[in-house]
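Trainee: Would you mind keeping the following structure in view while I ask a few things?
The values are calculated or read from the model by the stated rules, or taken from the named source; none is laboratory data. Remember, predicted model here, so these are calculated numbers, not experimental data. With ideal geometry, Cβ positions are generated from the backbone for all residues, glycine too; neighbour counts draw on all protein chains shown. Ligands, DNA and RNA are stripped out before the accessible areas are found, and what is left, the full protein with its side chains, is counted by its heavy atoms. Shrake-Rupley method; radii C 1.70, N 1.55, O 1.52, S 1.80 Å.
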Amino acid sequence: MLFISILISLTGLLDCIIIKSYDTSPLLRFTSNTKFVVSASSYIFGLFLAAQVYVELKEHAGYLQTFLNDQNKRLREAKQSILNIESKEADIRNRIDRSFKVYELLDQRLQNFRNLPATNKKPLSRAEHEFKAELGM
């Protein structure tokens, strides 16, 4: 991998810097070189991790783009469905109101029909039917 070779070459470069650095005392030279190596290696490790994240994102960019496009498409379809339902809601409410009015009208007509005097009559018995036939009605 390119990043590992860069990391190795940079650490080799740091070793050269550490060896060739000059300070007044050997102990001071050791501590300053150690701090420099630790900070430089942590910086290089951070660069290495950032490069890995970049590579991973670049490799998965197509999948992520497809996933996001699919989610956006589903969102647009859901919004369109909600708009269609909201536009039909008023029509459905009007139909329900009309059906209740028709039901109330039919119920009122049925009550009026029950209150008519002729509807309370029972059917004629056989004897009453024969008597009516004799009268010629």
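Trainee: Only residues that are among the β-branched types (Val, Ile, Thr) and touching a helix residue (DSSP H, G or I) at 6+ places or on another chain (Cβ under 9 Å): list them for region 93-137, please.
Mentor: The one that is among the β-branched types (Val, Ile, Thr) and touching a helix residue (DSSP H, G or I) at 6+ places or on another chain (Cβ under 9 Å): Thr119.
Trainee: Another question about this same structure. In region 119-135, what residues are at pLDDT 75 or above and not in a helix (DSSP H, G or I)?
Mentor: Selection gives Lys122, Pro123, Leu124, Ser125.
Trainee: Here is a further query. Looking at region 66-91, which of its residues are of a type in the set (Asp, Glu) and more than 18 Å from the chain's Cα centre (by Cα)?
Mentor: Glu86, Glu89, Asp91
Trainee: Take Leu14 and tell me if it is at pLDDT below 85 and either part of a helix (DSSP H, G or I) or open to solvent by 90 Å² or more (accessible area, probe 1.4 Å) (or both).
Mentor: So Leu14 passes the test.
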